[in-house]
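In what follows, a single structure is set out as structure tokens and then discussed.
The values are calculated or read from the model by the stated rules, or taken from the named source; none is laboratory data. Keep in mind that what you see is a predicted model, and the values were worked out from it rather than measured. FYI the Cβ positions are ideal-geometry reconstructions off the backbone, even for glycines, and counts take in every protein chain you see. Just so you know, the surface numbers come from the protein's heavy atoms only, side chains and all, with ligands and any DNA or RNA stripped out. Shrake-Rupley method; radii C 1.70, N 1.55, O 1.52, S 1.80 Å.
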Amino acid sequence: NAGVTQTPKFRVLKTGQSMTLLCAQDMNHEYMYWYRQDPGMGLRLIHYSVGEGTTAKGEVPDGYNVSRLKKQNFLLGLESAAPSQTSVYFCASSYGLAGGLLEQYFGPGTRLTVT
Amino acid sequence: QQQVKQSPQSLIVQKGGISIINCAYENTAFDYFPWYQQFPGKGPALLIAIRPDVSEKKEGRFTISFNKSAKQFSLHIMDSQPGDSATYFCAASSHGNTPLVFGKGTRLSVIA
């Protein structure tokens, strides 16, 4: 099992460009998440999904859109990239939201730089 | 408003020493408290977790201590090793209704 995979691993964008980050999981998890990690800020939740076809906003959703058309995939889109979106992006998945089902499995991350 | 406050931001410990990282929370509805470990260039991974019905949970050299009345929980790493050097995140969730809320992380360096 590959677990949680993310593509691409690195990307450099110019301000105003758009891109999509892809997350895939092969564990049949219902729940998927997108986080951003910035120095001194910890992990901040951007958007999450509680199942195929559903999405919900997290702590820092502005400037991002997501889609969950297939259970195994969760896409994060930046329509018009800004330097403030320079960050490391992590995708995660879990069986559920409760107790022991809540363990989140993280991907290896995507390092995005917006110039 | 930060729901889970973690301290210290960074920590340097001698090999063989005890590393202690603390977290505090305000939301009394939180009922699941995990710790995640992240090595450089990798995603975080679950290290150990506790529910509020126990005051302590131990797994090898790693122990969570939980104080419900003080709304605090801490991670203790006994006999710290250079291989424990990583960033540690505490987190919390409530009744399975919302995703985990993470602390800001502690960068631990264990020096020989």
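Below is a table of values for the structure above.
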| quantity | calculated |
| --- | --- |
| In order through region B:25-36: 3J(HN,Hα) via Karplus (6.51 cos²θ - 1.76 cosθ + 1.60), integer Hz, x for Gly, Pro | 9, 10, 6, 6, 7, 4, 9, 8, 10, x, 10, 10 |
| Semi-axis lengths (Å, descending) of the ellipsoid that matches the C-alpha gyration tensor of chain B | 23, 15, 12 |
| Whole-Hz ³J(HN,Hα) from phi, Karplus 6.51 cos²θ - 1.76 cosθ + 1.60, for region B:99-104, glycine and proline x | x, 4, 10, 9, x, 7 |
| Relative contact order computed over chain A (Cα-Cα under 8 Å; 6+ residues apart), in percent | 35 |
| Relative contact order computed over chain B (Cα-Cα under 8 Å; 6+ residues apart), in percent | 37 |
| A:R11, A:R36, reordered so the largest accessible area comes first (probe 1.4 Å) | A:R11, A:R36 |
| Overall form of chain A per C-alpha gyration tensor (a/c, 1.5; a/b vs b/c) | prolate |
| Lysine pair number, Cα distance threshold 24 Å (strictly under), chain B, separation 8 or more or different chains | 18 |
| Phi to ³J(HN,Hα) by Karplus 6.51 cos²θ - 1.76 cosθ + 1.60 over region B:63-77, Hz, x for Gly, Pro | 9, 9, 10, 10, 10, 5, 5, 8, 6, 9, 8, 9, 10, 10, 10 |
| Within-13-Å neighbourhood charge of B:C90 [Cβ basis; K, R +1; D, E -1] | +3 |
| Gyration tensor verdict on region A:6-51 (Cα atoms; rounded if a/c is under 1.5, prolate if a/b is larger than b/c, oblate otherwise) | oblate |
